[in-house]
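Scroll down for the structure; my scribbles are underneath it.
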């Protein structure tokens, strides 16, 4: 996949600046994966692939990184993928994106050009490529998370505006979580899950038609 193959639907774009990317890398003492800088400065924040894949801009990475690490530490269940990524290493990783189904895209700072998917519904870990566009293409075409799909549309949105709107409306109710059930029921029942359902309700329906066995359009998705 190339940037030229991506069709932008709707505007304005919510672009990151080069200075914001550099500032994030400096504050976290990391080198970001190949393709990340061009993606967030050229496309910005939004959903890609039939409103399925979301790459985080610098402000979202910085805002959510600490909480994400706490969450995977508390609820780690990807031991089937320990040959690729041990829990201890994963807790040092940086999340740079996700899908509306709750699969998460991450990398370790020591190897920024080796990207991993922590899937929502499996204890496996997937090695998904050496640069960002390769990782996105894997998500869209591998068939591991959903059935392969051809859409390469990109629709902008601004998570900062949504956060401000949610704060203005007052605190959201915290979903009840059954800790004794499987991991997929807790990991995206909180902040990430609420964010997914709020952003693109139609996205879940689209992906469900493609992957009835893997995805579910519930509060925890």
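The values are calculated or read from the model by the stated rules, or taken from the named source; none is laboratory data. Owing to the predicted nature of the structure, the values given are computational and were not obtained by experimental measurement. Positions of Cβ are generated from backbone atoms using ideal geometry, with glycine treated the same way; all protein chains shown enter the neighbour counts.
Somewhere in the range 9-20, is a residue over 16 Å from residue 115 (Cα atoms), in contact with a helix residue (DSSP H, G or I) (Cβ under 7 Å, 6 or more places away or on another chain) and in a helix (DSSP H, G or I)?
yes
Could you grab me the full set of residues in the range 35-83 that are touching a strand residue (DSSP E or B) at 6+ places or on another chain (Cβ under 8 Å) and more than 27 Å from residue 2 (Cβ to Cβ)? Give the steps one after another, and end with the answer.
Just the residues of the range 35-83 that are touching a strand residue (DSSP E or B) at 6+ places or on another chain (Cβ under 8 Å), to begin with: 36, 39-40, 43-57, 61, 64-65, 68, 72, 78, 81.
If the condition is that a residue be touching a strand residue (DSSP E or B) at 6+ places or on another chain (Cβ under 8 Å) and more than 27 Å from residue 2 (Cβ to Cβ), then 64, 65, 68, 72, 78, 81 are the ones that fit.
Checking residue 49 against (1) within 17 Å of the chain's Cα centre (by Cα); (2) within 15 Å of residue 133 (Cβ to Cβ); (3) at pLDDT 95 or above, only one condition comes out false. Which one?
(3)
Specify which of the listed residues (72, 96, 30) is touching a helix residue (DSSP H, G or I) at 6+ places or on another chain (Cβ under 9 Å), under 23 Å from residue 148 (Cβ atoms) and surrounded by 15 or more Cβ atoms within 10 Å (Cβ to Cβ).
96
Just give me the residues in the range 21-46 being in contact (Cβ under 8 Å) with a residue 12 or more places away in the chain, assigned to a helix (DSSP H, G or I) and over 21 Å from residue 134 (Cα atoms), in sequence order.
Once the filter is applied, which keeps residues that are in contact (Cβ under 8 Å) with a residue 12 or more places away in the chain, assigned to a helix (DSSP H, G or I) and over 21 Å from residue 134 (Cα atoms), the range 21-46 yields 23, 24, 27, 28.
What number of residues within the range 119-144 satisfy the criterion of being touching a residue at least 40 places away in the same chain (Cβ under 8 Å), touching a helix residue (DSSP H, G or I) at 6+ places or on another chain (Cβ under 6 Å) and closer than 15 Å to residue 48 by Cβ?
1
Consider the range 63-104. How many of its residues are in contact (Cβ under 8 Å) with a residue 40 or more places away in the chain, in a strand (DSSP E or B) and within 21 Å of residue 23 (Cα to Cα)?
3
Could you list all residues from the range 135-148 that are surrounded by fewer than 17 Cβ atoms within 10 Å (Cβ to Cβ) and in a helix (DSSP H, G or I)?
Residue satisfying the conditions is 141 alone.
Can you give me the number of residues within the range 109-123 that are surrounded by 18 or more Cβ atoms within 10 Å (Cβ to Cβ) and in a strand (DSSP E or B)?
Qualifying residue count for the region: 5.
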